[in-house]
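The values are calculated or read from the model by the stated rules, or taken from the named source; none is laboratory data. Remember, predicted model here, so these are calculated numbers, not experimental data. No Cβ is skipped: glycine too gets one built from the backbone with ideal geometry, and neighbour counts run over all protein chains shown.
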Amino acid sequence: MKLYAIVGSPNSRKVLAVVRHTGIELDIEYLDLFQGDTQNSAYKALNPNAMVPTLIDGDLKLWESNAINQYLAEKSDNNSLFPVGVAVRADIVRWLSWELAHFNQAFGTLALEAVAKPKFMNMAGDEAIINWSKNQLNRFATVLNNHLRDRDYIVGEDITIADYSMIHIEFFKEAIPFDWAPYEHLNAYFERMRLSPHWAKTAPESLDAIGRIPQSQLNSVG
Ligand SMILES: N[C@@H](CCC(=O)N[C@@H](CS)C(=O)NCC(=O)O)C(=O)O
């Protein structure tokens with residue numbers, strides 16, 4: 001199996017944490033975002049979205065980080081990350097879906113309009129969209145905060161793929177103009193997960209390392 005990833009990319013980190021957690025053996029190739037490695041036709045034949053992560057296993061070309069994580073958890077000997085059981089799996093898939101459709105959508109929209117556009121794209125963010133995404137994030141952060149009031153993990157008593165999915169924005173959480181203070185349980189959860197060993201190991205070594213091929217890969221090629 002082979003995984004294509006980008007250093008520091010939240011969705012790559014989601015999958016890399018599962019690779020580490022399960023101990024599953026696969027080759028990892030890091031792409032250079034700034035050299036357009038995701039944009040060439042050879043890579044787009046694997047992932048037409050021109051995004052990472054992408055997993056290749058024989059004829060299977062799998063993209064979408066949550067689908068990749070389900071696949072890896074199932075293939076590993078230790079599938080505690082996606083436990084067998086109709087109800088528990090539905091619960092995990094519920095939170096994977098919610099994270100993509102609501103929490104991450106609100107977060108990502110606010111990050112794009114309020115941070116990425118003015119800082120990196122030389123354009124002003126749309127105030128109406130900024131206000132809308134803040135309201136949405138308030139709405140969904142409240143749901144997550146209440147859910148985490150009496151629990152350490154999203155589903156059950158231990159880490160599942162729902163947790164690695166939920167926290168994939170962790171590195172950028174404080175970079176957006178949003179008041180997280182009212183969300184005590186959510187904040188404690190993000191801090192706990194930030195320090196969890198398999199997740200922590202996927203963090204970029206520095207801001208400069210984000211999006212670039214790591215030295216270890218360059219050394220192994222050269
Ligand atoms: N829904 C996709 C999102 C993938 C995604 O947004 N990947 C980002 C990196 S975190 C990317 O490749 N961005 C490059 C681009 O948009 O050109 C997933 O979960 O895998």
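Before moving on, here are some points about what is shown:
- Selection count, region 58-69, where residues are within 12 Å of the ligand (Cβ to nearest atom), in contact with a helix residue (DSSP H, G or I) (Cβ under 7 Å, 6 or more places away or on another chain) and not hydrophobic (A, V, I, L, M, F, W, C): 3
- Hey, THR109 touching a residue at least 24 places away in the same chain (Cβ under 8 Å) and over 21 Å from LEU16 (Cβ atoms) or not: yes
- Region 38-57, subset part of a helix (DSSP H, G or I) and not basic (Lys, Arg), residue nearest to the ligand (Cβ to nearest atom): TYR43
- For ALA42, the conditions (1) buried (at least 17 other Cβ atoms within 10 Å of the Cβ); (2) more than 30 Å from PHE140 (Cα to Cα); (3) not acidic (Asp, Glu) all hold with the exception of (1).
- In the set (1) within 19 Å of the chain's Cα centre (by Cα); (2) away from the ligand (no atom under 16 Å from the Cβ); (3) touching a residue at least 40 places away in the same chain (Cβ under 8 Å), the condition left unmet by THR142 is number (1).
- Subset of region 2-13 [outside any loop (DSSP other than H, G, I, E, B), within 7 Å of the ligand (Cβ to nearest atom) and buried (at least 23 other Cβ atoms within 10 Å of the Cβ)]: SER12
- The listed residues are GLU170, GLU157, and the only one of them that is within 29 Å of VAL84 (Cβ to Cβ) and in contact (Cβ under 8 Å) with a residue 12 or more places away in the chain turns out to be GLU170.
- The number of residues in region 14-37 that are away from the ligand (no atom under 12 Å from the Cβ) and among the hydrophobic types (A, V, I, L, M, F, W, C) comes to 6.
- Here ALA124, ALA106, ALA114 are screened, and the one residue that is touching a Gly at 6+ places or on another chain (Cβ under 7 Å) and at pLDDT 95 or above is ALA114.
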